[in-house]
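Each remark here refers to the structure printed beneath this line.
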Amino acid sequence: MKPLEIGQLFKTTVVAVTKDCVFVDCDSKSEGVLDVAEYTDENGNVSVKEGDSVSVYFIGLKNGEMRFTTRISGENADTAMLENAYKSQIPVEGHVEKEIKGGFEVKIGTTRAFCPYSQMGYKQKEEGAFYVGKTLPFIISEYREDGKNLLVSNRAVCENEHRNLVEFSKKKIREGEKITGTVVSLHNYGAFVDIGGIQALLPVSEISRTRVSDISSELKEGQKIEALVLKTDWEHDRISLSLKALLADPWDTAAEKYKIDAKYDGTISRVADFGLFVSLEPGLDGLVHISELDNAGKSTNLRKLYKTGDKMSVVINEINTKERRISLRPSSSLQQDADAKQYMEHQADKDTDTYNPFAMLLKK
């Protein structure tokens, strides 16, 4: 193995993980060491295991051991290391001391640096006070006056991490497959869902087979959901999900479940100029055309007579599952036709003029 230079990127394999250290393969006769904290999250979970491939930076020898890091921290952030970090674009760890004019003062080891507002954070910017007091990774974008004047960027690190995450996610997130995620925010147009570090959009139209007027009545921030991946657009960093796609489609069984000329109870889901949409069940609406309404004509404002949510008994005129359409009429029309038919039948059966339909009804 050729000698490594300070700050050199080194791709290797993890050979062991202990309570305090991660050991990586340098050659058949030696191993390198990293602090296990570099791979430990806030919950104490270590993200690497024996056999994993890793990319690390050589920072020198210590007590005869080859030391590596995934970033430059306060312990090894001397002037030489910072210069090498700048030349090799190695991430450095800095503490955001305070907000100043135009950006933030950041302390890297004993060295002070400046991070402009535009270079702090990624796409979703926070208020300046959000970053103060935090320890974050930075890339040194400018190195001047022998390290006395440093310009750093947190955004560059975030963008690089996001690119790596996207490449990793492309292998796991595929169109047409189910995925679990966590709702992170709600909006009128839909919800953003975290799916392994990447945010996907769940449009409001894909939440339910019924019309959703208040998204907060269907979802809550922090809620775990299972959804179908509708579309992935990695070039534009867009992923769309659907809950509705995982629900049974009522149109698949509509023709078997609902019969022509049969009466059903429904709920008005929408009032239009040309008629009423009546929901027979979630995701299955039929239309009562204005011509079927006894109390309305072409110029009638139906919104003054009917309201969304009103109950309505209807009769099936026609079912077209191919075009996903159901024609309805108010059940009162059918009832009137049935009463008239019954009356006429009884009239024909009687050979006297004294037949009383009301008496016949009382006998039922």
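The values are calculated or read from the model by the stated rules, or taken from the named source; none is laboratory data. These numbers come from a predicted model, not from an experiment. As a convention, Cβ positions derive from the backbone with ideal geometry for all residues, glycine included, and neighbour counts pool all protein chains shown.
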Wholly inside the stretch 215-288, strands (runs of 3 or more DSSP E) that include 2 or more residues that are surrounded by fewer than 16 Cβ atoms within 10 Å (Cβ to Cβ) are 224-233, 263-272
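To keep it simple, each residue is scored yes or no on (1) touching a Gly at 6+ places or on another chain (Cβ under 9 Å); (2) within 30 Å of LYS107 (Cβ to Cβ).
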| residue | (1), (2) |
| --- | --- |
| VAL157 | no, yes |
| LYS172 | yes, no |
| HIS187 | no, no |
| ASP194 | yes, no |
| ALA200 | yes, no |
| SER213 | no, no |
| ALA255 | no, no |
I'd like to check something: does the stretch 107-130 contain any residue that is assigned to a loop (DSSP other than H, G, I, E, B) and among the acidic types (Asp, Glu)?
yes
Of all the residues that make up the stretch 90-103, how many are more than 33 Å from the chain's Cα centre (by Cα) and buried (at least 17 other Cβ atoms within 10 Å of the Cβ)?
0
Could you list, ordered by first residue, the pairs with Cβ atoms under 7 Å in which the first is in the stretch 38-57 and under 12 Å from THR70 (Cα atoms) and in contact (Cβ under 8 Å) with a residue 12 or more places away in the chain and the second is part of a loop (DSSP other than H, G, I, E, B) and of a type in the set (Ser, Thr, Tyr), at least 6 apart or interchain?
GLU38/THR70; TYR39/SER47; VAL56/THR70
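Could you count how many residues in the stretch 291-311 are in contact (Cβ under 8 Å) with a residue 40 or more places away in the chain and either among the polar types (S, T, N, Q) or touching a Gly at 6+ places or on another chain (Cβ under 7 Å) (or both)? Full working, then the answer.
Going through the stretch 291-311, the residues in contact (Cβ under 8 Å) with a residue 40 or more places away in the chain turn out to be 292, 308-311.
The next check asks that each one be either among the polar types (S, T, N, Q) or touching a Gly at 6+ places or on another chain (Cβ under 7 Å) (or both); those that pass are 308.
Looking only at that region, the number is 1.
Could you count how many residues in the stretch 138-196 are among the charged types (D, E, K, R) and more than 17 Å from LEU241 (Cβ to Cβ)?
Step one: filter the stretch 138-196 for residues among the charged types (D, E, K, R), giving 142, 144-146, 148, 155, 159, 161, 163, 167, 170-172, 174-175, 177-178, 194.
With more than 17 Å from LEU241 (Cβ to Cβ) added as a condition, the list becomes 142, 144-146, 148, 155, 159, 161, 163, 167, 171.
Number of matching residues: 11.
From the list THR70, THR111, which residue is surrounded by 14 or more Cβ atoms within 10 Å (Cβ to Cβ), within 30 Å of VAL14 (Cβ to Cβ) and free of Cβ contacts under 8 Å to residues at least 40 places away in the same chain? First the steps, then the outcome.
Values: THR111 fails: within 30 Å of VAL14 (Cβ to Cβ).
After ruling out the rest, the residue left standing is THR70.
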Can you say whether LEU334 is at pLDDT 90 or above and either of a type in the set (A, V, I, L, M, F, W, C) or not assigned by TED's automatic domain parsing to the domain that holds ILE207 (or both), as far as the supplied structure shows?
no
Selection from the stretch 37-52 of residues touching a helix residue (DSSP H, G or I) at 6+ places or on another chain (Cβ under 7 Å) and assigned to a loop (DSSP other than H, G, I, E, B) yields SER47, VAL48
Restricting attention to the stretch 303-324, does a residue exist that is over 38 Å from the mean Cα position of the chain (by Cα), at pLDDT 90 or above, under 15 Å from ARG270 (Cβ atoms) and of a type in the set (A, V, I, L, M, F, W, C)?
yes
Search the stretch 91-107 for residues that are among the β-branched types (Val, Ile, Thr) and pair each with any residue that is exposed (fewer than 14 other Cβ atoms within 10 Å of the Cβ) when their beta-carbon atoms are under 8 Å apart and the residues are at least 6 apart or on different chains.
VAL96/GLY133; VAL96/LYS134; VAL96/THR135
